[in-house]
Amino acid sequence: MSDHPHTHPAGPASGGFAPVPPALSQTRRAPINYLNAAYSVRSWLLTLDHKRIGLLYLIGVTFFFFVGGVAATVLRLELMTPGGDVLHSPDAYNRLFTMHGVIMIFFFLVPAIPGVLGNFLLPLMIGARDLAFPRLNLLSWYIYMFGGTAALILLIFGGIDTGWTFYAPFSTTFSNTMVLPAGIAVFITGFSSILTGLNFIVTTHTMRAPGMTWGRLPLFVWAHYATSLIMILGTPVLAIAVLLIGLERLFGIGIFDPALGGDPILFQHLFWFYSHPAVYIMLLPGMAVVNEIVPCFTRRPIFGYKFMAGALLAIAVLGFLVWGHHMFVSGQSMYAGLIFSFLTFFVAVPSAVKVFNWCATMYKGSVRFETPMLYALGFIGLFTIGGVTGLMLGSLGIDVHLHDTYFVVAHFHYIMVGGSIMAFLGGIHFWWPKISGRMYPELWGKLGALVIFVGFNLTFFPQFLLGYLGMPRRYYEYPGEFQVLNVMSTAGASILAVGYIIPLIYFIDSLRKPANAGRNPWRATGLEWQTASPPPTENFAVAPVVTTPPYNYDPAEAEQTPWNPFQPEQEPVHVG
Amino acid sequence: MWNFPILPESASSVAPDYDFAFWYEVAVGVFFTLFVLVLVLGLANRYRRGRQVDRSHPPTHSLKLEALWIGVPLVIAMSMFGISAVLYIKQFSPPGDAVEIPVVGKQWMWKLQHPEGKKEINELHLPVGQAVRLKMISQDVIHSFFIPAFRVKQDVLPGRYTEMWFRPTKIGRYRLFCTEYCGTDHSVMGGWVEVMSQADYERWLATEQAGESLVEEGRRLFVLNHCAGCHGENATVQAPRLEGVYGRPVPIQVGDRVEFVQADDRYIRDSILLPKSQVVAGYQPIMPSYQGQLSEEDLLKIIAYIKAIGNRPAPGPAAQPQYDADRGIQPAVEVPGYDVDKPPGATLLPEQTR
Ligand code: HEM
Ligand SMILES: [Cu+2]
Ligand SMILES: [Cu+2]
């Protein structure tokens, strides 16, 4: 690990987001980078630097992840026994699962990868100085934090019990919890997504370095482009749905409640019109990360670049046509069901294309198994399971039995936790040297990945069985015959919790070490690796010019070159 | 400890079809997952760093391969669509011999009534082999009626009937759940379906409150709520006779056009609660709304009654104002002194006036 003498000319002492113990500061000054350029709180809270804003997002999403995680832990503890004995009240349970869902979806997973890695890397990858609208970018973060804090406060003082799906007329007429404030919080936070999406799209169109043609864009950028399209087209519909809920609740205008002359199915259409594409807002950035990790750790160009980029766009577009597959037993017509199901099977195809191209990328590669690669492989496996079970749910007659059971819960956790969060963690490990200038401890990294993988499967695989057996979701108490599988799931959840705490600890701990990871420890292609780690505020000392295709790796040559990413950097830093 | 179920019981006529389709898709999924697993681990191991293998000229694209892994998954996906669509259509097509049982969901219980009149809460007793069609409505929020052993589920909506059918094939006691989150006691809004032999079922039906049949109760409500005062034989106002109306097309006045609408449950329900929304051609919109006055159970009973008289031929044409397609709508008959907000007879029963 990286406690070698500090021969790096950059010198070890650099500021960070954790105070550096004086013992570590050295006589030689570190080059100015985005972290040590200024230290005041003000310089962070008013920063327009996309890299600092990315870190602000990292703090925000990590916080909300652990809040949502605590809620999940309590839910799992409650479900260890059939009766209600941890929370002592069904209302408390209902509020807790709502809190878990709202936080995890709107305040963790939707902003996680785009907000942290997208913000940090998108300008670096295309050779730009910053995003197109740095002020809007900062505003997005403030909107997000404002919405999140407001939601957290009201969830603690009273909470809501509608589930993250806000189905009417329960949410409009019957629930007497704080639906309105929660709706406003979600409404406001939506603008953060819209602004981020807008920023990414404009940046990708207008700020690419000379030579960075569309055909040379890293797939990470393509995926964020596709995600941004969904964000700006889908989020307004969610905002409208939430607004209408508010109108009906406040003024009794009959939109969704049949007692007032409304139609409850209309709400479901509006909600899923956003929320199915939203699952791709959460998933595509995960694919973005895996697209970068796999070629780097196989040391060869990605297989089928054009199809990979096309698949991302196809998923984004087709994702808008399948929302009705959440409503097969809602009372929508049988013919609507048939059409939505038919279209759903077409979304599966680009996902399969991605999986097979990743596999093909390993052929004739020079494969290494450092932590980021372990997470990427985990992503491929778990996403595959999530995807095939998604197809089962998209199968009309089969969904009839499985709908709203634990099978659905297992399915979307395989996609969102097994898929997106695995990718997020893989990405944080991969770019941690770039972000912080430090390596993480590889042994602990591998251990953490293993614990998470085992814990995850033990938590969620039994839920497929529970769902097929018929255990409905959102149940505070359940029949005794389901207990054994639930105990397994809770046991898995406790392993999973440990798994998530391990990286949290070693990432924070790594900040105490000197920043000597070097410019490009993974010897990766990609412009972000051409500049110093951590990068200077202006990203590149000399404006980069792109002359080669992306993923320009050579496996045969890689075999001959020593591979020691965890050695501190020896060579002098080249910037540009 | 290890005596817990892994597979759900299979106790209805669609359950075997369901399980066939389910296991087909599981097999496809397992095959696909294992295939990916072997591919990933196999390639990763074969080409792991340090192994002496040929790494020259790694291919970067292949149209043939892309076509292969677009085509094959598409074909497999279509087979999944086909098998599940056939199943879905089956789940939506009740057989002709199905007995209709009305179900009302409310926070947090299920209320059911047999055609013979017997009422149940959170339980449903059925004879084995008898197809059943549930006509369901909610009094408040959305619920969902789910019997895992039968592989059937249908959301139960406020303001609108939804239907679901099944034919139990095995004697036994099966769980019934609510699967649409509906508030505080969602998780205990369930009960049992008890499938019995024909003889046991008849014995069960005969015990305790025999009471009136569903149709009988509906007829009583029809009179009690003064429907008969307008729609009955000796009516003083001009209103259509309801014999024979159920299941037939009814001419509805829409602006100055006439459209035909099928008189199904939903139509009858809307006619009672929102009479102004569908006025029968040739009549004045004088029928009062019963919104808020009849419970969901009462409505179901009245509909059962109207349905029961549906097979009776309508009384002679003289009693009905003729609708003549050529001449358009006949001028409606004036009802002297009639107050729309106070139907005749409203004064007869004081407890009915609100
Ligand atoms: C891409 C990432 C995905 C995410 C994040 C995701 C997430 C979710 C979530 C949260 C639900 C639960 C909805 C509820 O509250 O009832 C759900 C249900 C569903 N998902 Fe996914 N999903 C993803 C991918 C897929 C794929 C690839 C398919 C199929 C092609 C699919 C098909 C379905 C279907 C049909 C349902 C409805 C099941 C039901 O409610 O009975 N999903 N998904
Ligand atoms: Cu969906
Ligand atoms: Cu319920």
Inset, instruction - Mind listing whichever residues of region A:557-575 are assigned to a loop (DSSP other than H, G, I, E, B), at pLDDT 80 or above and either touching a strand residue (DSSP E or B) at 6+ places or on another chain (Cβ under 9 Å) or surrounded by 12 or more Cβ atoms within 10 Å (Cβ to Cβ) (or both)? - result: A:Trp563, A:Pro565, A:Phe566, A:Gln567
Inset, instruction - Could you list all residues from region B:130-163 that are acidic (Asp, Glu) and either under 26 Å from B:Tyr201 (Cβ atoms) or touching a helix residue (DSSP H, G or I) at 6+ places or on another chain (Cβ under 8 Å) (or both)? - result: B:Asp140, B:Glu163
Legend entry - Of the criteria (1) within 14 Å of another protein chain (Cβ to nearest Cβ); (2) without any contact (Cβ under 8 Å) to a residue 12 or more places away in the chain; (3) farther than 27 Å from A:Gly337 by Cα, which one A:Glu248 fails: (2)
Inset, instruction - Taking B:Gly183 as the residue in question, decide whether it is open to solvent by less than 10 Å² (accessible area, probe 1.4 Å), at the interface with another protein chain (Cβ under 9 Å from one of its Cβ atoms) and out of contact with any strand residue (DSSP E or B) (no Cβ under 7 Å at 6 or more places or on another chain). - result: yes
Legend entry - All positions within region B:41-52 that are more than 7 Å from chain A (Cβ to nearest Cβ), in a loop (DSSP other than H, G, I, E, B) and open to solvent by less than 90 Å² (accessible area, probe 1.4 Å): B:Gly50, B:Arg51
Inset, instruction - Could you tell me whether any residue of region A:388-397 is in contact with a Ser or Thr (Cβ under 7 Å, 6 or more places away or on another chain), of a type in the set (A, V, I, L, M) and more than 26 Å from B:Ser84 (Cα to Cα)? - result: no
Inset, instruction - Determine, yes or no, whether A:Pro264 is buried (at least 23 other Cβ atoms within 10 Å of the Cβ), more than 14 Å from chain B (Cβ to nearest Cβ) and within 16 Å of ligand 1 (Cβ to nearest atom). - result: no
Legend entry - Filtered residue count, region B:75-113, keeping only those that are facing another protein chain (nearest Cβ under 10 Å), without any contact (Cβ under 8 Å) to a residue 24 or more places away in the chain and surrounded by 15 or more Cβ atoms within 10 Å (Cβ to Cβ): 5
Inset, instruction - Having 2 or more residues that are closer than 27 Å to B:Gly292 by Cα is the bar; report the strands (runs of 3 or more DSSP E) wholly within region B:67-159 that clear it. - result: B:99-106, B:109-113, B:119-121, B:132-138, B:143-147, B:152-156
Inset, instruction - Give me a count of the residues in region A:275-308 that are away from ligand 2 (no atom under 16 Å from the Cβ) and open to solvent by 10 Å² or more (accessible area, probe 1.4 Å). - result: 6
Inset, instruction - Scan region A:437-454 for residues that are crowded, with 24+ Cβ neighbours inside 10 Å and out of contact with any helix residue (DSSP H, G or I) (no Cβ under 7 Å at 6 or more places or on another chain) and jot them down. - result: A:Gly437
Inset, instruction - Could you check A:Ser436 against (1) under 23 Å from A:Val74 (Cα atoms); (2) modelled with pLDDT under 95 and say which number it fails? - result: (1)
Inset, instruction - Find the strands (runs of 3 or more DSSP E) located wholly in region B:182-298 whose residues include 1 or more that are assigned by TED's automatic domain parsing to the domain that holds B:Pro168, and list them. - result: B:191-196
Inset, instruction - Please go through region B:120-142 and pick out each residue that is over 22 Å from B:Ala199 (Cβ atoms) and touching a Lys or Arg at 6+ places or on another chain (Cβ under 8 Å). - result: B:Ile121, B:Ile137, B:Ser138, B:Gln139, B:Asp140
Inset, instruction - Would you check which residues across region B:83-108 are within 16 Å of ligand 3 (Cβ to nearest atom) and under 17 Å from the mean Cα position of the chain (by Cα) and list them? - result: B:Val103, B:Val104, B:Gly105, B:Lys106
Inset, instruction - Could you check, for region B:206-216, whether at least one of its residues is farther than 30 Å from B:Leu126 by Cα, open to solvent by less than 30 Å² (accessible area, probe 1.4 Å) and not acidic (Asp, Glu)? - result: no
Legend entry - Close pairs (9 angstrom Cβ cut-off, 6 or more residues apart or separate chains): touching a residue at least 24 places away in the same chain (Cβ under 8 Å) and open to solvent by 40 Å² or more (accessible area, probe 1.4 Å) in region A:328-346, outside any loop (DSSP other than H, G, I, E, B) and more than 11 Å from ligand 1 (Cβ to nearest atom) anywhere: A:Leu343/A:Leu321; A:Phe346/A:Ala314; A:Phe346/A:Leu321; A:Phe346/B:Leu74
Inset, instruction - Please enumerate the residues belonging to region A:192-210 that are among the β-branched types (Val, Ile, Thr) and either within 21 Å of the chain's Cα centre (by Cα) or open to solvent by less than 40 Å² (accessible area, probe 1.4 Å) (or both). - result: A:Ile194, A:Thr196, A:Ile201, A:Thr203, A:Thr204
Inset, instruction - Considering only residues that are touching a Pro at 6+ places or on another chain (Cβ under 9 Å) and among the hydroxyl-bearing types (Ser, Thr, Tyr), look in region B:162-180 and name the one that is nearest to the other protein chains (Cβ to nearest Cβ). - result: B:Thr179
Legend entry - Members of region A:310-334 found to be of a type in the set (A, V, I, L, M), in a helix (DSSP H, G or I) and closer than 15 Å to A:Tyr280 by Cβ, listed by number: A:Ala311, A:Leu312, A:Leu313, A:Ala314, A:Ile315, A:Ala316, A:Val317, A:Leu318, A:Leu321
Inset, instruction - Kindly establish whether B:Gly117 is over 30 Å from A:Trp358 (Cβ atoms), small (Gly, Ala, Ser) and open to solvent by 30 Å² or more (accessible area, probe 1.4 Å). - result: no
Inset, instruction - Answer yes or no as to whether B:Arg55 is among the charged types (D, E, K, R) and either open to solvent by less than 60 Å² (accessible area, probe 1.4 Å) or in contact (Cβ under 8 Å) with a residue 12 or more places away in the chain (or both). - result: yes
Legend entry - Filter pass, A:Thr531 being among the β-branched types (Val, Ile, Thr), within 14 Å of chain B (Cβ to nearest Cβ), surrounded by 20 or more Cβ atoms within 10 Å (Cβ to Cβ) and away from ligand 1 (no atom under 16 Å from the Cβ): no
Legend entry - In region A:375-400, the residues that are farther than 15 Å from A:Gly337 by Cα and facing chain B (nearest Cβ under 8 Å): A:Leu377, A:Ile380, A:Gly381, A:Thr384, A:Ile385, A:Val388, A:Thr389
Inset, instruction - Please find, among A:Gly397, A:Gly365, A:Gly390, A:Gly378, the residue that is within 21 Å of A:Val290 (Cα to Cα), free of Cβ contacts under 8 Å to residues at least 60 places away in the same chain and of a type in the set (Gly, Ala, Ser). - result: A:Gly390
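The values are calculated or read from the model by the stated rules, or taken from the named source; none is laboratory data. Keep in mind the model is a prediction, meaning the values are calculated, not measured. Glycine also receives a Cβ, built like all others from the backbone with ideal geometry; neighbour counts cover every protein chain displayed. Please note that ligands, DNA and RNA were not included when accessible areas were found on the heavy atoms of the full protein model with its side chains. Shrake-Rupley method; radii C 1.70, N 1.55, O 1.52, S 1.80 Å.
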